[in-house]
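Here the structure is laid out as structure tokens; the discussion comes afterwards.
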Ligand code: SF4
């Protein structure tokens with residue numbers, strides 16, 4: 001496959017890793033912010049191939065992992081309504097809420113469906129005028145263009161039976177929170193390539209300046225990842241702080257303007273709780289009041305639901321790069337992908353699930 | 001869910017007021033919305049994420065990067081690595 005195969009070329013990956021080895025002179029800790037990259041790094045064993053000076057810590061960039069428990073409980077409450085068709089991206093179905101998960105709602109007769117695109121949920125609303133169709137709009141900046149389009153399209157079609165349950169998070173405030181922590185160890189960031197495809201990377205220079213640390217826009221194939229690491233090491237060794245772009249075939253500084261416009265039309269910034277981490281100010285998006293009629297939280301009156309986390313799970317510290325999955329006493333024992341305690345064990349992009357699958 | 005994948009646009013059409021495309025992912029075909037990449041053309045590659053094109057892949061940037069990385073790897077061979 002073009003733009004995939006050539007970026008998995010083992011000889012090239014090895015060559016770039018050798019260059020990293022030649023460049024590095026002392027220890028550096030960097031964080032890949034995106035769960036997709038965590039998965040690729042662990043799957044291809046990139047962390048094992050790197051020189052020992054370089055430590056990769058895994059970031060909070062898995063939307064399934066950081067969706068707060070009470071949002072899942074709200075989803076469960078809505079999905080249990082008899083006249084609701086509840087639509088979600090597949091990975092959310094097994095994420096445990098306080099009591100159960102969306103799968104068990106489905107097993108008990110709830111109409112829960114996996115959709116590939118939010119437009120599929122809009123089509124379901126058109127085909128089922130006597131049902132309420134609710135879409136679980138989770139994600140980072142990457143899913144936002146698709147999710148807001150479902151609202152704009154439902155509005156255009158005059159649909160009265162479509163709404164979305166929003167749990168949107170943004171990368172820059174998360175980076176700000178990680179770097180502001182007194183326990184922070186991260187000295188360089190690999191930025192999430194597809195977040196930057198949508199948003200560009202104009203939001204990052206102020207962060208680079210404020211915290212005096214380099215960042216590199218990085219793609220998802222093994223060659224992309226080692227290239228991102230190489231550029232980060234080059235910047236760190238040279239003492240240069242800037243945002244570099246190691247994914248220029250897909251990312252421009254400005255990003256995707258039409259998508260940013262659509263997001264700004266439908267969403268506004270809001271405080272958002274991150275599962276395992278807690279509240280991060282202005283770190284999320286929510287529907288603007290003009291779009292209240294498409295707001296499932298208001299339509300189903302679930303705004304007041306609250307929830308408590310399992311005390312065993314240290315996913316919050318893992319998501320902030322402070323701990324690794326093996327540090328968790330429940331890892332592989334009380335907590336496995338079949339019986340996950342925390343969300344980082346559910347999603348294949350979660351650090352715990354990736355370690356379980358590839359590192360046992 | 002969060003992985004975007006590059007695919008080749010093989011057909012562009014309109015549906016329900018949206019610019020849509022048939023996209024080829026190495027022999028598997030899926031539909032994607034092109035509303036955010038209005039200039040994308042048949043034959044070009046896009047990164048598709050949850051049914052939406054979020055980037056048109058730049059052939060020239062891709063070539064440039066690969067050349068650079070090949071250079072880095074060749075230097076390695078010359079040094080006998
Ligand atoms: S192994 Fe399970 S319980 Fe431990 S941090 Fe990961 S998800 Fe939480």
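Whether any residue in region A:287-298 is buried (at least 18 other Cβ atoms within 10 Å of the Cβ), under 23 Å from the mean Cα position of the chain (by Cα) and assigned to a loop (DSSP other than H, G, I, E, B) is what I want to check. Checked region A:287-298: no residue is buried (at least 18 other Cβ atoms within 10 Å of the Cβ), under 23 Å from the mean Cα position of the chain (by Cα) and assigned to a loop (DSSP other than H, G, I, E, B). Restricting attention to region A:265-280, the residues that are at pLDDT 95 or above and part of a strand (DSSP E or B) add up to 5. Identify the residue in region A:249-264 that is in contact with a helix residue (DSSP H, G or I) (Cβ under 7 Å, 6 or more places away or on another chain) and in a helix (DSSP H, G or I) and, among all such residues, is nearest to the other protein chains (Cβ to nearest Cβ). Filtering region A:249-264 for residues that are in contact with a helix residue (DSSP H, G or I) (Cβ under 7 Å, 6 or more places away or on another chain) and in a helix (DSSP H, G or I), the one nearest to the other protein chains (Cβ to nearest Cβ) comes out as A:259. Quick check: is even one residue across region A:329-345 within 14 Å of chain B (Cβ to nearest Cβ), within 16 Å of the ligand (Cβ to nearest atom) and not in a loop (DSSP other than H, G, I, E, B)? There is at least one residue in region A:329-345 that is within 14 Å of chain B (Cβ to nearest Cβ), within 16 Å of the ligand (Cβ to nearest atom) and not in a loop (DSSP other than H, G, I, E, B).
Out of A:146, A:137, report the one residue that is assigned to a strand (DSSP E or B) and without any contact (Cβ under 8 Å) to a residue 40 or more places away in the chain. Going through A:146, A:137 in turn, the sole match is A:137. Checked against (1) more than 9 Å from the ligand (Cβ to nearest atom); (2) more than 17 Å from the chain's Cα centre (by Cα); (3) at pLDDT 90 or above, residue A:284 passes all but condition (2). Restricting attention to region B:28-51, the residues that are at the interface with another protein chain (Cβ under 9 Å from one of its Cβ atoms) and either over 12 Å from the mean Cα position of the chain (by Cα) or in a loop (DSSP other than H, G, I, E, B) (or both) total 10. Filtering region A:307-325 to residues that are crowded, with 21+ Cβ neighbours inside 10 Å and within 8 Å of the ligand (Cβ to nearest atom) leaves A:313, A:314, A:315, A:318, A:325. Checking A:216, A:241, A:302, A:226 one by one, the residue that is over 20 Å from residue A:56 (Cβ atoms), away from the ligand (no atom under 16 Å from the Cβ) and in contact with a helix residue (DSSP H, G or I) (Cβ under 7 Å, 6 or more places away or on another chain) is A:302 and no other. Can you say whether residue A:106 is modelled with pLDDT of 90 or more and either assigned to a helix (DSSP H, G or I) or out of contact with any strand residue (DSSP E or B) (no Cβ under 7 Å at 6 or more places or on another chain) (or both), as far as the supplied structure shows? So residue A:106 fails the test. Screening region A:20-39 for residues that are surrounded by 22 or more Cβ atoms within 10 Å (Cβ to Cβ) and within 9 Å of chain B (Cβ to nearest Cβ) and picking the one that is farthest from residue A:348 (Cα to Cα) gives A:34. Residue A:145 falls short on exactly one of the conditions (1) buried (at least 20 other Cβ atoms within 10 Å of the Cβ); (2) more than 17 Å from the chain's Cα centre (by Cα); (3) over 20 Å from residue A:310 (Cβ atoms), and that condition is (2). For region A:184-248, the helices (runs of 4 or more DSSP H) that sit wholly inside it and include 1 or more residues that are at pLDDT 95 or above and surrounded by fewer than 24 Cβ atoms within 10 Å (Cβ to Cβ) are A:205-211, A:222-238. If I filter region A:158-175 for residues that are in a helix (DSSP H, G or I), more than 30 Å from residue A:299 (Cβ to Cβ) and more than 10 Å from chain B (Cβ to nearest Cβ), do I get at least one hit? Yes, because at least one residue in region A:158-175 is in a helix (DSSP H, G or I), more than 30 Å from residue A:299 (Cβ to Cβ) and more than 10 Å from chain B (Cβ to nearest Cβ). Checked against (1) more than 14 Å from chain B (Cβ to nearest Cβ); (2) without any contact (Cβ under 8 Å) to a residue 12 or more places away in the chain; (3) more than 13 Å from the ligand (Cβ to nearest atom), residue A:270 passes all but a single condition, namely (2).
In region A:346-360, which residue that is touching a strand residue (DSSP E or B) at 6+ places or on another chain (Cβ under 9 Å) and in a helix (DSSP H, G or I) is farthest from the ligand (Cβ to nearest atom)? Step by step, filter region A:346-360, then rank; the result is A:354.
The values are calculated or read from the model by the stated rules, or taken from the named source; none is laboratory data. Computed from a prediction, not measured in an experiment: that's the story for all the values here. All Cβ positions, glycine included, derive from the backbone under ideal geometry; neighbour counts span all protein chains shown.
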